[in-house]
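Okay, so here's the structure we're looking at.
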Amino acid sequence: MTAPLRTITPWTSRGPVPSRPRRPRSTRIDSIEGGSDPRPMPSPSVRRVGIVGAGYMGLATALAFARRRRPVVVYDSNARLRRTLSSGRSPIHEVGVRELLRRETSSGAFRVAGTLGELVESADVIVLCLPTPRGAGGRIDLGPMLRGVRELAREIAATHGYRLVVVKSTVVPGTTVERIEPALRAATRRSPRELGVAVNPEFLAEGSMLADALRPERIVLGVSDPKAARTLRHVYATFPAPVHELSPSGAELVKYASNAFLAAKVSFANEVARLSERLGENVDRVARAVGADSRIGRKFLRAGPGFGGSCFDKDVRALVGRSRELGERFRTGEFALSVNEDQLRHVARLVRRALPTLEGKTVALLGVSFKAGTDDVRESRALPIARDLLRAGARVRLHDPVALARFAEEWTGGGWGSKDEVEFCATPAGALRGADLAILHADWPAYRAWPAAWSRAMRQPLLLDLRRAIPPARASKVGLRLVALGVGVPTSGRRPRSRSSAGGRRA
Ligand code: UGA
């Protein structure tokens with residue numbers, strides 16, 4: 001990533017067994033955790049884990065540590081964000097965060113530090129969750145990270161005792177060893193016995209960040225000295241996941257290679273979707289059958305408008321660039337990016353197929369976050385889609401259950417357009433009233449229950465479904481004409497005549 005700090009800011013026991021055990025009342029958090037952790041608490045050689053940067057990733061990571069009996073202290077340079085967190089309120093829309101924040105704040109396991117010095121004073125393990133945004137020429141911008149590291153080094157230099165600094169932000173392979181560790185050592189004058197530096201990438205996906213943080217499939221540690229390795233293993237001892245120990249650069253590569261592979265899978269699915277359209281098939285049926293082979297797997301084969309979000313595009317570009325610096329090419333990444341660019345053009349073709357003339361027409365764009373389950377709009381494909389509709393002369397109305405405010409910020413702040421060019425609607429019905437076309441971009445559950453009244457409210461009951469959220473049977477029940485990405489119209493009910501059925505022989 002990431003956007004390691006996908007942040008809004010620049011840095012922004014066990015007593016006797018009861019004879020009749022009772023099932024505890026299940027809560028949402030319990031279901032996210034998958035049950036309580038039965039293991040006893042390991043020896044408390046780590047006081048608190050310090051989390052620097054409380055964006056999406058920092059906050060989910062902090063809450064997971066707190067929940068897994070590793071008390072945390074969190075610091076973010078954004079004072080407003082600190083106040084929000086201190087009052088137990090969640091600054092982001094993410095399943096379970098609000099509830100866990102309340103619980104762990106009152107248990108004392110989650111604390112917000114007023115200064116970075118206060119965090120360094122009470123934490124021996126300090127996890128950097130700072131942003132590494134997109135920089136020039138496909139590189140990542142290390143500015144926020146290096147500024148944070150310098151500030152942290154000053155605080156560490158003023159304290160006594162061992163500290164372990166853990167880079168969780170997504171940084172290109174080699175960054176920790178070549179840039180971060182030297183900066184820390186130069187400013188603190190501490191040896192590895194007094195100051196450890198390690199890499200520990202995260203694999204959290206927005207919409208399921210807490211579940212991913214509480215029950216990771218793997219823990220990847222990038223360590224170069226035994227003390228750092230022991231300390232980090234101890235920190236993670238309460239997490240039920242296998243640990244992979246590599247060099248710092250190796251751990252950084254694991255993160256990039258993982259995102260690149262997932263991005264390539266999405267691009268692969270999008271190309272299969274175009275073929276499915278041509279062949280009169282449904283890409284989901286094809287992907288289900290392809291993914292049934294365990295060597296391939298079903299996940300990340302959902303065709304759509306192309307990958308968005310703060311991670312895939314930025315990370316794949318950075319890995320392609322880093323590969324060139326290393327004298328290699330990373331063609332899998334180049335392929336994923338190029339197909340992703342094409343997919344936007346493909347969406348434009350589908351819009352024209354649905355509605356050949358956009359001039360003077362009203363289009364409702366439903367779901368503007370980069371995917372359902374989050375209010376994050378970074379790199380959302382809804383941004384270029386809305387812009388292209390406007391350029392083609394359409395009036396654009398937008399709806400999203402949670403992301404409209406962030407979309408408005410990004411729309412104007414990111415230079416996409418002015419606020420009054422598009423209409424922000426509080427309800428799907430409001431967006432659809434009198435519309436000539438609806439485009440479903442992020443498949444929020446509310447859209448799946450499409451009532452007939454929504455179709456009736458439209459001037460033309462026509463939906464371009466970029467995620468295949470509305471099954472054809474439901475569409476016809478609610479009087480909706482459907483154009484769906486990855487779904488072709490069968491040209492005939494008959495299969496093409498095979499050679500054998502035509503009397504030929506199989507070789
Ligand atoms: C991604 C990775 O999944 C995380 O493991 C990683 O930690 C994170 O990036 C990061 O580096 O921080 P995220 O960007 O939150 O997480 O979301 P994904 O669920 O991976 O989706 C990324 C994009 O691909 C979205 O636009 C989504 O709609 C699209 N996608 C995903 C598809 O079009 N089809 C799929 O089958 C899956």
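The values are calculated or read from the model by the stated rules, or taken from the named source; none is laboratory data. Since we're looking at a predicted model, the values are computed, not measured. We place every Cβ from the backbone using ideal geometry, glycine too, and count neighbours over all the protein chains shown. Quick note on the areas: whole protein, heavy atoms, side chains included, nothing else; ligands and nucleic acids left out. Shrake-Rupley method; radii C 1.70, N 1.55, O 1.52, S 1.80 Å.
Apart from one condition, SER208 fits all of (1) hydroxyl-bearing (Ser, Thr, Tyr); (2) open to solvent by 30 Å² or more (accessible area, probe 1.4 Å); (3) more than 26 Å from ASP376 (Cα to Cα); the exception is (3).
Of all residues in the range 214-229, those that are open to solvent by 30 Å² or more (accessible area, probe 1.4 Å) have Cβ atoms under 7 Å from Cβ atoms of residues that are hydrophobic (A, V, I, L, M, F, W, C) and modelled with pLDDT of 95 or more, 6 or more apart or on another chain, in GLU217/ALA241; ARG218/ALA241.
Can LEU275 be described as away from the ligand (no atom under 14 Å from the Cβ), more than 23 Å from the chain's Cα centre (by Cα), open to solvent by 20 Å² or more (accessible area, probe 1.4 Å) and farther than 20 Å from PRO305 by Cβ? Here the answer is no, as LEU275 does not meet what is asked. Within the range 81-116, being open to solvent by 20 Å² or more (accessible area, probe 1.4 Å) and assigned to a helix (DSSP H, G or I) holds for ARG82, ARG83, THR84, SER86, ARG98, GLU99, ARG102, ARG103, THR105, SER106, SER107.
Scanning the range 373-388 for residues that are open to solvent by 30 Å² or more (accessible area, probe 1.4 Å), away from the ligand (no atom under 14 Å from the Cβ) and either farther than 22 Å from PHE312 by Cα or of a type in the set (Val, Ile, Thr) (or both) turns up at least one hit. Count, please, the residues in the range 407-459 that happen to be touching a strand residue (DSSP E or B) at 6+ places or on another chain (Cβ under 6 Å), farther than 18 Å from LEU482 by Cα and either among the aromatic types (Phe, Trp, Tyr) or not in a strand (DSSP E or B) (or both). Looking only at that region, the number is 2. Note on the range 169-184: residues that are touching a strand residue (DSSP E or B) at 6+ places or on another chain (Cβ under 7 Å) and open to solvent by 10 Å² or more (accessible area, probe 1.4 Å) amount to 2.
Within the range 363-376, residues that are closer than 11 Å to GLY309 by Cβ reach partners that are small (Gly, Ala, Ser) and away from the ligand (no atom under 12 Å from the Cβ) with beta carbons closer than 6 Å, at six or more positions or on different chains, in the pairs SER369/ALA403.
Scan the range 235-270 for residues that are β-branched (Val, Ile, Thr) and within 12 Å of the ligand (Cβ to nearest atom) and report the count. Before the answer, list the steps.
As a first pass, look at the range 235-270 and keep what is β-branched (Val, Ile, Thr): 235, 238, 243, 254, 266.
Those still in the list that are within 12 Å of the ligand (Cβ to nearest atom) too: 254, 266.
Adding up the residues that qualify gives 2.
Is the range 154-161 home to any residue that is among the acidic types (Asp, Glu), more than 15 Å from the ligand (Cβ to nearest atom) and buried (at least 17 other Cβ atoms within 10 Å of the Cβ)?
If we filter the range 154-161 for residues that are among the acidic types (Asp, Glu), which is where we start, we get 155.
Cutting the leftovers down to more than 15 Å from the ligand (Cβ to nearest atom) gives us 155.
Checking which are buried (at least 17 other Cβ atoms within 10 Å of the Cβ) leaves us with 155.
Yes, the range 154-161 contains at least one residue that is among the acidic types (Asp, Glu), more than 15 Å from the ligand (Cβ to nearest atom) and buried (at least 17 other Cβ atoms within 10 Å of the Cβ).
Once the range 187-205 is narrowed to residues that are closer than 25 Å to SER258 by Cβ and either more than 10 Å from the ligand (Cβ to nearest atom) or among the small types (Gly, Ala, Ser) (or both), the residue that is surrounded by the most Cβ atoms within 10 Å (Cβ to Cβ) is VAL199.
Evaluated against (1) away from the ligand (no atom under 16 Å from the Cβ); (2) under 20 Å from the mean Cα position of the chain (by Cα); (3) of a type outside the set (Asp, Glu), ARG353 falls short on exactly one condition, (2).
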